[in-house]
Structure formats: C-alpha cells, structure tokens
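The values are calculated or read from the model by the stated rules, or taken from the named source; none is laboratory data. Worth saying up front: this structure is predicted, and the values here are computed from it rather than measured. Backbone-built Cβ (ideal geometry, glycine too); neighbour counts: all protein chains shown. Heads up: the accessible areas ignore ligands, DNA and RNA and are worked out on the full protein's heavy atoms, side chains in. Shrake-Rupley method; radii C 1.70, N 1.55, O 1.52, S 1.80 Å.
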Amino acid sequence: MEERARSCLLRSKDTLEQDIKASYLMDHMVSDDILTNDEEARVLGKPTRREQATALLEVLLRKDNRAYISFYNALVRESYGDLANLLHSDLPLLSPEGERSFADGVSPSVQAILSEGGVPQRPVVFVSRPTLLNLVREKLYWLKNTPGWVTVFGMAGSGKSVMAAEAVRDHALIKECFPGGVHWLSVGQCERTDLLVRMQSLCFRLEQGQSSDASLRPPCSDMISVHFIYTEHVRPLIIRPFLLSFSSIRSLLILDDVWDSFALRSFDIQCRVLLTTRNRSLADSVSGTRFEVPVESGLDEEKALEILALYVNGKPQKLPQLHRMVIPRLDLVPACSPLVVSLIGALLREFPDRWSYYLRQLQKKQFKRIRKSSSYDYEALDQAMDASLQVLEPEHRDLYRDLSVMQKDIKVPAKVLSVLWGLELEEVEDILQEFVNKSLLFRDCNQRPYHYYLHDLQLDFLCSWLCLSPCVQRFTDRP
Ligand SMILES: Nc1ncnc2c1ncn2[C@@H]1O[C@H](COP(=O)(O)OP(=O)(O)O)[C@@H](O)[C@H]1O
Ligand SMILES: [Mg+2]
C-alpha cells in the first residue's frame, strides 16, 4: 500500500476503531477478493466489536492499494459516509503510475531530507516488519502537535535501529509532523564529553541549514563558532539555547542506542525525540509526553527464511527444500533475532558449503561461535551481550550470571530465584525488574505471580560464564 494511504489509515485509526462494525465491511472485502475466509474468521474470533475493528485494520495495513479502495467502498456501501470522507483524499491511484510512485515507500524529497539528517540507509538485505513499523509510526504521529519521546526498546540485535530509520522513511509523516527535518545522532556508550562533541556536530549539521527557508533555521552561527573554546561545564549551557530553537521548528531527533539518561536530559526541553535503547526505563528521567514500542518478538520463520534467501540467492526466492526444513527443525523461531539470522546469512554467502556446520552450531545453541564482522556495531553476539552486562552494578552482574541455571523454555517465578540467591522476595522482584528493563530478561505477564525467562541467546551466553559462578556450581551439574 502506498505510504499516503497507509498514513491516512494510521491517522484515522482511532476514529475508525470507535465506529466500524468489521463483520459488515468484511462481507464486501471478501467478495472483492481482498480478504481470505481465514483472515475474516481470525478477525471475527476477537471477542469485542472494537477488537474486531482493530484486527481488521491491522490486516488492512499489511495489504496493497486495492485493499484500501475496497475498504473505502465498503464504508460507503455500509453508510459510514463520514468515515469514508476521512479516507477519500488519500485514495490511491490504481494506474501503474500510482503503484510506482512510492514503490519503495520513499519519495526522492524524503530521501534527501533523511540523508541530510544523517539517517542510515536500509541494510542491503532488508525485510519488512509491518506490524512493528506501523506501531512506531503511529506513536510518531502523536508528536505532530506535542513534543515528546518515543522509546523503541528491546534486546541487542532485535532490529531497533533499523526500525527507527525505517519508520521515518515516510513522505506523509515527515511533511505533516516533522517539517523541520529528521536528525540522527548515534549515542552509544560514549563519555559525556564525547556526547557533547557529537551534539556540537549535530548543531553544525543543522546550522548548514537543511531547510531552504531561513525562518525555519535556528539563529545560532555565532554561538556555534565559539563552542570549542569553552570548557565541558559551559558547553551544555551553550548548546541548550540552540536546542531550544531547534525544538521550535518541529524537527525529529533520533537518538540511537542510548545507555545513559544524561544523554536524554540534555534534550529535555520540549524536543521531539525518537530513541532506541535496551533500557526501557531510561525515559522515566525526563519530562513530557512519552510513548513506548517494545521490539520483543523475533522474526517469524517466513521472514527469517526471506533474509537467508536474500543473502544466499540475492533475491527473496524460496530456498531449496533442504534449507527450508532447517529452520523449524532447529527450533530457531524463539531465537530468530534479525541479527542472528543476518549473521548466518552473511556467513552462508561466504561459505556456502557450511550449512550443516552452522546448523549444528545453532542446534547446540552455540550462537557465540557465529561470528562475523558486519556493519553491526558489536562484532559478535557475545560482545553485544557483554556490553549489556557491563552496565549492571557488579553485585547484580553476579546475580545475573546465576540465571544460567535456568533451563531453556522454562519460566520461573521470583520465588525460585529468591531461594537461589538467598534474598527477600521483594528485593528479588526489584532486581528482576531491572533486568527486564534492560532487556536482559523476559517476563511473562500472563501468569500471576509473574514468571521470568531468558532468551536462548542470553542463556547460551550465560552458560559460557558458568564455571565462574560458585553459586551456580552448587545448584547444577550442567557443563
Ligand atoms: N528488518 C530487517 N531486515 C533485515 N535485517 C535486519 C532487519 N533489522 C535488523 N536486521 C539485521 O540485524 C542487525 C541488527 O539490527 P539493529 O537494528 O542494529 O539492532 P539493534 O539496534 O536492536 O541492536 C542489522 O545490522 C541487520 O543486519
Ligand atoms: Mg542499535
């Protein structure tokens, strides 16, 4: 579906969900061959009218222009005239021109804005994740009229940075919500002084003037040119007024891979910020409207296969049957982080004969053996995991290591860990909360009391620390 139509659906989502009766509309859409009977049944399986409406819109957002038009026609036929009017101005053309105009979702003018703002390109091998993408864009639309924060959080390699960059590849979103442009700042685990230097270069970049309209440009050239002679204490004070004027021009700032709330507090002056982080609670330290998008689920089997096929064949073609059988057999699905799959894909392209070797490693869950220097900041998975661990307090790091006694696919309540650690239940719950917030542990909220579990990647990583932890040796004889 072209971006304009998709954005219109996202904008009108709340109103549509409030009013429509999905079953009436779906009759028309099934007879237009837009929806399958299975999809209709899945939507009708939702318990309430509103949930059915939400489910229908989710299905619709994954479809093409014809689906938008069929939905529009169904609204007209079912006398939802007001709602049809909301969609009317963004009806896509069905001519080849209409289909082509936003074929890759990015118009040339948006492409120019994004490259000026330093937003990274798509990875060469890229698969879409529509549900997640829609979620991030939906939150970004909230920043149209109000400054605020959208936090995209999840574990290392779950695809947060790729998703943040993809979310802003949207003509309507940028024109409507961020006319002042989009600016990308890679934060990472840098020192405060480094961060200030990076903020300065951001200021310079802005000063070069992305906007041809001088009235949109912050008036700061003198201020910036004297930046470098000031000490660390004074620098933030100088940058601050600059950022204030930046916030008034409705730009979006993307802070990628933030570890420390210090980085956020510098921007806590009514800016519009999208941040990616492993630490869910980071934005608690700033004021203003906040939204969150978890990147929890890995890739499903089809997407994982698509990535492998793109690497191996150069096109999203089906892999040979032998290879297709591999993924389900490996029970890879829970571990299908985009990073893992991309690393395997890159390795297979280089060493096509090693399918069975890598598959054996995967079967043994030896993820850390799957090394490959890639465009990813952390060269190997264990380094990425290690980076997460290093920011824990030393005592908490030791406790975290003890979690290697947990078995794959087994979820445990806090009480079990309170026995393991010999700590009060409440204290244990607080510690586990911190691990969850830092994307080092998962929590199943469907069970009461909550149950906790590790991702296969985390468990594999932890097992390599096993012999270092005396507590664990007492509790397990696993190798
Ligand atoms: N949608 C995607 N399609 C293909 N590969 C992806 C996708 N998202 C992530 N990847 C792969 O996973 C790697 C890690 O993604 P990234 O967004 O940097 O993770 P995070 O920011 O969560 O640590 C990327 O370098 C890329 O190879
Ligand atoms: Mg990242």
Taking the range 167-180, which residues are buried (at least 19 other Cβ atoms within 10 Å of the Cβ) and not in a loop (DSSP other than H, G, I, E, B)? Ala167, His171, Ala172, Leu173, Ile174, Cys177
Kindly list, by first and then second residue, each pair from a residue in the range 167-183 that is more than 13 Å from Arg11 (Cα to Cα) to a residue that is among the aromatic types (Phe, Trp, Tyr) and open to solvent by less than 10 Å² (accessible area, probe 1.4 Å), limited to pairs with Cβ atoms under 8 Å and residues at least 6 apart or on different chains. Val168/Phe178; Gly180/Phe246
Members of the range 262-283 that are over 23 Å from Ile174 (Cα atoms) and either under 19 Å from the mean Cα position of the chain (by Cα) or within 16 Å of ligand 2 (Cβ to nearest atom) (or both): Ala263, Arg278, Asn279, Arg280, Ser281, Leu282, Ala283
Among the residues of the range 413-435, write down those that are hydrophobic (A, V, I, L, M, F, W, C) and open to solvent by 20 Å² or more (accessible area, probe 1.4 Å). Val416, Val419, Trp421, Leu423, Leu425
Say we look at the range 1-51 and pick out the residues that are of a type in the set (S, T, N, Q) and more than 26 Å from Ser128 (Cα to Cα); which of these is least open to solvent (accessible area, probe 1.4 Å)? Ser23
May I ask you to verify whether Asp444 is touching a strand residue (DSSP E or B) at 6+ places or on another chain (Cβ under 6 Å), at negative phi, of a type in the set (Asp, Glu) and assigned by TED's automatic domain parsing to the domain that holds Asp398? yes
Out of the range 104-147, which residues are in contact with a strand residue (DSSP E or B) (Cβ under 9 Å, 6 or more places away or on another chain) and at positive phi? Gly118
Search result, residues across the range 133-161 that are within 14 Å of ligand 1 (Cβ to nearest atom), of a type outside the set (A, V, I, L, M) and part of a strand (DSSP E or B): Thr151, Phe153
Would you check if Pro236 is modelled with pLDDT under 55, more than 29 Å from Asn437 (Cβ to Cβ) and open to solvent by less than 60 Å² (accessible area, probe 1.4 Å)? no
Residue selected from the range 270-286 under the condition of a type outside the set (Lys, Arg) and within 13 Å of ligand 1 (Cβ to nearest atom), by the criterion surrounded by the fewest Cβ atoms within 10 Å (Cβ to Cβ): Asn279
Single condition Gly118 does not satisfy, out of (1) within 14 Å of ligand 1 (Cβ to nearest atom); (2) in contact with a His (Cβ under 8 Å, 6 or more places away or on another chain): (1)
Check on Leu25, within 23 Å of Lys175 (Cβ to Cβ) and at pLDDT 90 or above: no
Would you confirm, using the coordinates I've provided, whether Gly188 is surrounded by fewer than 22 Cβ atoms within 10 Å (Cβ to Cβ), near ligand 2 (Cβ under 10 Å from one of its atoms) and on the phi > 0 side of the Ramachandran plot? yes
Answer residue from the range 255-269, given it is within 16 Å of ligand 1 (Cβ to nearest atom) and more than 18 Å from Val119 (Cα to Cα) and is most open to solvent (accessible area, probe 1.4 Å) among those: Trp259
Any residue at all in the range 389-400 that is surrounded by fewer than 21 Cβ atoms within 10 Å (Cβ to Cβ), among the polar types (S, T, N, Q) and modelled with pLDDT under 80? yes
Selection status of Ala164, surrounded by fewer than 23 Cβ atoms within 10 Å (Cβ to Cβ) and either within 16 Å of ligand 1 (Cβ to nearest atom) or not in a loop (DSSP other than H, G, I, E, B) (or both): no
Here's a check for you: in the range 401-412, which residue that is open to solvent by less than 40 Å² (accessible area, probe 1.4 Å) and outside any helix (DSSP H, G or I) is modelled with the highest pLDDT? Val412
